Amino acid sequence: MKFGGESLLLLCLANPHKPQYGGGIIRNPELNQGLKGWSTFGGAKIERRESGGNHFIVAHSRNQTYGSFSQKLYLQKDKLYTFSAWIQVSGGNAAVAAVFKTSDGFKHAGAIFAESGCWSMLKGGLTMKSSGPADLFFESKNTKVEIWVDSISLQPFIQEQWKSHQDQSIEKTRKTKVRIQAIDARGNPLPGATVQARQQKLSFPFGNAMNKYILDNPAHQNWFTSRFTATAFEDALKWYTNEPSPGKEDYSDADALFQFSEQNQIAVRGHNILWDDPKYLPGWLLSLSPSQIRSDADKRINSVVQRYIGKVNSWDVVNENLHTSFFEDKLGPNASAVFFQETRQLDKTTPLFMNEYNTLENGGDPLSTPAKYIQKLRDIQSFSPDIGSVGIGLQGHFHTPDLAYMRSSLDTLAAAKLPIWITELDVASSPDQASYLEQVLSEAHAHPAVVGIVMWAAWKPEGCFRMCLTDGQFKNLATGDVVDKLISQWTGRFVGMTNADGFLETSLFHGDYEVSISHPTLKNSSLIHGFKVAPTDHMSQEKEMLVTLSA
């Protein structure tokens, strides 16, 4: 099991690779034993074929979307399963999904856009809440294509293995080995010196949404600024807030929140310029002609981008344009791409993002699978070279998290080699809300492709969107305790003693540190130093830095 492994994803190869984990618990994963272990599903006809010495299974004469082949398995409660398979279709390209029929319902493990003439790797996952039999099958809405599959793998992991791997990934991705040498005033090694270091602020961008209610509440401000380094405004930067009536702009709340954020060194995501859902657009816009909608959208982009250029660390240019399509319906299929192009022309440097829900949190939503997300990214980027790369914004509104599916989705998206932010993370209310929050935050932080996390838990008098972190007096709820626990875990600190050569070694999170050194021979009981632990080259075999502290 490993994070990443994305080098093969998004590629289409002449021959499939061997199955991961030797196929795991899948029987006959390479079809070397005829059709043993496989049976027809959904009324399709199946057969084994061979090409260049490679055997694979084919479903043809498909009259149902789920017409394919299946294998019966027994899946166990609380185990996390990683899934993979190599897929091809008989003509053109088509979305193909891997699905498990269980006693708890249908679980979508993953999906991919398969092509004819080459093999693509589908990577997925699922977590079981109860033990029982399951049928693995494949489905595609395009019933005209044959589904070809090879090198199928399903590998179970227990919770302890999963957590152990998160820890290994954090050690590799978020930390660097530091070798500290203490020397005296003459430059000689100082053995037996006590060295204490503490990171001044969490380096990994981690934050929470905010709204205008923070502006006149010192308790709220103190609670927020002592924890977070990143934010997104809940409503203050949305079009319906900034222009409630045509031509009458109001940026007062946004201006005040930007000022507060800047004073407290909190990075702001530009959320959002346009929202493709008509429910969240200014009401006056909806009945206008296409030409007037185009004109007003252009004015909106110019207004908000020029006002806050240099004040945001990213722009959510078009929000939720996989699930909704107001602008595409009115202005044509390239509407999103045009808006990205216009934004880039105004702001040459700030990263531009799509922002979407259910890509991580709901494998059963066919509109926003990782494959759909990447396809939309490619459509936007290919529209004009001016746009450049487009970042990946994943909202993360979880109910019951499936960490195996979440990890496989992040792996698939990471193959695009673009920055990934978790932009609106929360967990629905339940007795397990705090536990689930810890799970998804830990999984996101451990993944090497994730460069920042913002939760969607802004406090307001009438209650939070789906998840609060504090009560009205800004005392932590159980979810807030989880946040504090993780911030503490993700913040570097150590106490150690130098060896006979004046050295000690440790592993520290990236960031700025304040260090004290004390020794019986020193006149000052403690000498203060500062140093920075920076990420090292991930391609390097040696991830270590040397810090010399002079007494």
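Rg and Dmax of the stretch 271-409, based on Cα coordinates, read 15.2, 46 Å.
Hey, if you put +1 on the Cβ of every Lys and Arg and -1 on every Asp and Glu Cβ in the stretch 195-348, which of Val318, Gly332, Ser295 ends up farthest toward the positive end of that dipole? Of the options given, the answer is Val318.
Relative contact order for the chain using alpha-carbon pairs under 8 Å, separation at least 6, rounded to a whole percent? Kindly include the intermediate steps, with their values, before the conclusion.
Details: 1261 pairs, mean separation 101.6, N = 551.
Once normalised by length, the contact order is 18 percent.
From the alpha carbon centroid of the stretch 326-365 to that of the stretch 216-279 is 20 Å.
Taking the Cβ of Gln345 as the centre, find all other residues whose Cβ is under 14 Å away and add up their charges (Lys, Arg: +1; Asp, Glu: -1). Show your work: numbers first, answer last.
On the way: positive: Arg344, Lys348; negative: Asp298, Glu342, Asp347, Asp386.
Value of the local net charge: -2.
Annotation: per residue accessible area for the chain equals 42 Å², rounded to a whole number [probe 1.4 Å, protein chains only]. The residue among Thr506, Pro461, Ala434 whose Cα reaches farthest toward the positive pole of the charge dipole of the stretch 406-510, with charges on the beta-carbon of Lys, Arg, Asp and Glu, is Pro461.
Which shape class, rounded, prolate or oblate, goes with the stretch 12-161 when its Cα gyration tensor gives a ≥ b ≥ c as root eigenvalues, a/c under 1.5 marks rounded, and past that a/b bigger than b/c marks prolate? Don't skip to the answer; put the middle values down first.
Values: a/c = 1.68, a/b = 1.40, b/c = 1.20.
Prolate, because a/c is 1.5 or more and a/b exceeds b/c.
Restricting attention to the chain, close to 70% of DSSP beta bridges with both partner residues there are antiparallel. Every helix of 4 or more DSSP H residues in the chain counts as -39500 (n - 2.57), and over all residues that averages to -7000 deg cm²/dmol at 222 nm.
Each Lys and Arg contributes +1 and each Asp and Glu -1, all at the Cβ; summed about the Cα centre of the chain, the dipole is approximately 1060 debye. For the chain, the gyration tensor built on C-alpha atoms gives an oblate shape. Its axis ratio a/c (a ≥ b ≥ c) is at least 1.5, and a/b is not larger than b/c.
Between Tyr240 and Met497, full extension at 0.36 nm per residue minus the direct alpha carbon distance yields a gain of 86.7 nm. Listed values for the stretch 342-347 are Karplus-derived 3J(HN,Hα) couplings in whole Hz (6.51 cos²θ - 1.76 cosθ + 1.60, θ = phi - 60°), namely 5, 5, 5, 5, 7, 10, and x replaces Gly and Pro. Think of the chain as having a plus end and a minus end, set by charges on the Cβ of Lys, Arg, Asp and Glu; of Gly207, Met406, Phe56, Phe56 sits farthest toward the positive end of this dipole. Using a probe of 1.4 Å on the protein chains alone, the accessible area found for Asp316 is around 0 Å².
Amide H contacts under 5 Å for Cys464: none, restricted to partners 5 or more places along the chain or on a different chain, H placed in the peptide plane at 1.01 Å from N. For a test of the definition: using alpha carbon positions, the gyration tensor, and the 1.5 limit on a/c, classify the stretch 46-94 as rounded, prolate or oblate. Taking the square roots of the gyration eigenvalues as a ≥ b ≥ c, the stretch 46-94 is prolate.
How much length, in nm to one decimal, is gained on full extension between Tyr21 and Lys144, taken as 0.36 nm per residue of separation minus their Cα-Cα distance?
Numbers: separation 123, 0.36 × 123 = 44.28 nm, distance 3.24 nm.
This chain segment gains 41.0 nm when fully extended.
Heavy atoms only, probe 1.4 Å: what % of the accessible area of the stretch 29-85 goes to carbon and sulfur, would you let me know? The computed percentage sits at 43.
What does the net charge come to around Gly247 if you take all other residues with beta carbon closer than 11 Å to its beta carbon, with K and R at +1 and D and E at -1? Write down the numbers at each step before the final one.
Numbers: positive: Lys248, Lys299; negative: Glu243, Glu249, Asp296.
Net charge around Gly247: -1.
Both numbers refer to the Cα atoms of the stretch 425-502; Rg and Dmax are 16.6, 61 Å.
Would you mind counting up the charge near Ser368? Only other residues with Cβ under 11 Å from its Cβ, with Lys and Arg at +1 and Asp and Glu at -1. Each step should come with its number before you reach the end.
Working: positive: Lys372, Lys376; negative: Glu320, Glu356, Glu361, Asp365.
Here the charged neighbours net out to -2.
What is the packing order of peptides 498-507, 431-440, taking the mean over residues of other C-beta atoms within 10 Å and listing the highest first?
Values: 498-507: 15.3, 431-440: 18.4.
Per-residue mean Cβ counts within 10 Å order the peptides as 431-440, 498-507.
Ranking Leu10, Leu73 from most to least accessible surface, computed with a 1.4 Å probe over the protein chains only, gives Leu10, Leu73. Most tightly packed first, judged by the mean number of other beta-carbon atoms within 10 Å of their residues, the peptides 451-462, 144-155 read 144-155, 451-462.
More than 28 angstrom separation, counting every C-alpha pair in the stretch 204-490; what % is that? Mind showing how you got there, number by number?
Working: 14219 of 41041 pairs.
More than 28 Å apart: 35 percent of the Cα pairs in the stretch 204-490.
So, by mean Cβ neighbours within 10 angstrom, what's the order for 390-397, 342-349 with the highest one leading?
Numbers: 390-397: 25.2, 342-349: 15.5.
For the peptides 390-397, 342-349, the packing ranking is 390-397, 342-349.
The values are calculated or read from the model by the stated rules, or taken from the named source; none is laboratory data. Model, not experiment: these values are computed from the prediction. Cβ atoms come from the backbone with ideal geometry, glycine included; neighbour counts cover every protein chain shown. The protein model used for the area step is the full one, side chains on, heavy atoms only, and it has no ligands, DNA or RNA in it. Shrake-Rupley method; radii C 1.70, N 1.55, O 1.52, S 1.80 Å.
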